[in-house]
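The values are calculated or read from the model by the stated rules, or taken from the named source; none is laboratory data. Please read all numbers here as calculations on a predicted model, not as lab measurements. So basically every Cβ, Gly included, is an ideal-geometry build from the backbone, and we count neighbours across all protein chains shown. Keep in mind that these areas ignore ligands, DNA and RNA; they rest on the heavy atoms of the full protein, side chains included. Shrake-Rupley method; radii C 1.70, N 1.55, O 1.52, S 1.80 Å.
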Amino acid sequence: ARRFRALDLPADVIHLDIHYMDRYRVFTFSPQRFPRPPGMHDELRSLGFRTMAIVDPGVSAAPYPVHVALKDGDMLLRRSDGRPYQGRVWPGVTVFPDFTQQRVREAWGRFHAPLVDAGVAGVWNDMNDPVFQAGKRHDPLGEDVHHRGVPHRRVRNLYANQMAQATVSGLELLRPGVRPFVL
């Protein structure tokens, strides 16, 4: 950011890709790479920058607050046998929220609090169709994935829209009176 300003390069936003996260777990900051997120955002704002943080629906299946809340709240996509569907994305084994449920969208929106509290200005929703097996060729519509008994292939086109709706609603709740920016 300082170099952009020193070179008088036009820039307003810095995008934080998956490497800002702690072990690629959504809604976290890496304590090694980003030890003081609010301070970093204060400094970036003083230079005229805002940040966009990437958020993927692939939630690490390792126990951490987001995964525990989704699992314990019965808010995950499931297999036809009722077990949570597990894929493999950046953090390794992942699970995916079932955005067809209003209560899941509301919870997802509230999960943005650590980003908002740190000073993130906007959210970049990425991979907002569940990517079940990153790096492998497969037919995602052939996967055994269900939204409350409805096969994913029937509601696939709603998934990204409902994730975006959850993100916008969450940002409106967490920053009243501030227009949300969701990419």
Average accessible area per residue (Å²) across the chain - probe 1.4 Å, nucleic acids and ligands excluded: 53 Å²
Carbon plus sulfur fraction of accessible area for the chain, probe 1.4 Å, in percent: 53 percent
Antiparallel DSSP beta bridges within segment 1-106, as percent of all bridges there, nearest 5: 65 percent
Compactness index (Cα Rg / 2.2 N^0.38 Å), segment 54-107: 1.04
With at most 14 other Cβ atoms within 10 Å, longest stretch of the chain clear of loop trypsin sites (Lys or Arg not before Pro) (DSSP): 80-135
Residues whose placed amide H lies under 5 Å from that of T94, excluding near-sequence neighbours: A61, G87, R88, V89
Whole-angstrom Cα spans of segment 50-183 along principal axes, big to small: 43, 29, 29
Convex hull projection area averaged over all views, segment 1-89, Cα basis, nm²: 7.3 nm²
Those GluC sites (Glu not before Pro) in segment 84-183 that DSSP places in a loop and that have at most 14 other beta carbons within 10 Å: none
Segment 138-183: radius of gyration and largest Cα-Cα distance (Dmax), Å: 14.5, 43
The chain - share of DSSP beta bridges that are antiparallel (%, nearest 5): 50 percent
